[in-house]
Amino acid sequence: MSRATCFLSALLLGPVLAFAQMAPDAIPDASRSRELVRMVRQDCGSCHGMRLTGGLGPSLTREALADFPLESLTAVIFHGRPGTPMPPWKAMLSEPEARWIALRLQQGFPEEVVKAP
């Protein structure tokens with residue numbers, strides 16, 4: 001396998017493998033998933049744009065987040081970014097839910113809830 005093919009495979013499979021490695025209790029049920037999608041679309045969308053393509057805050061598209069480690073995105077969602085308008089969401093989310101959102105953003109955030117692979 002060529003180096004480029006290995007890199008592309010890692011890039012495409014990374015989020016899938018990360019999702020597969022999440023503990024079953026870390027994956028929100030269908031009802032909570034809908035709530036989280038709604039929260040991202042409405043609350044995050046108020047700063048990051050309703051299509052998550054940027055606004056007051058940066059774009060949250062799959063392409064914009066491609067180089068960010070999953071753990072870093074999770075930490076930003078859960079703890080916020082001090083000194084910036086990005087608030088911590090730990091009062092409304094568990095850390096596994098923040099990770100679920102980060103992973104979904106890396107995969108391309110759904111318009112509606114999609115079932116786990």
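Just to confirm my filter: which helices (runs of 4 or more DSSP H) fall fully inside the stretch 4-117 and include at least 1 residues that are modelled with pLDDT under 95?
Of the helices (runs of 4 or more DSSP H) lying wholly inside the stretch 4-117, those with at least 1 residues that are modelled with pLDDT under 95 span 30-39, 45-48, 95-107.
From (1) under 19 Å from P110 (Cα atoms); (2) over 15 Å from the mean Cα position of the chain (by Cα); (3) β-branched (V, I, T), pick out the condition that doesn't hold for T84.
With (1) under 19 Å from P110 (Cα atoms); (2) over 15 Å from the mean Cα position of the chain (by Cα); (3) β-branched (V, I, T) applied to T84, the lone miss is (1).
The values are calculated or read from the model by the stated rules, or taken from the named source; none is laboratory data. Keep in mind the model is a prediction, meaning the values are calculated, not measured.
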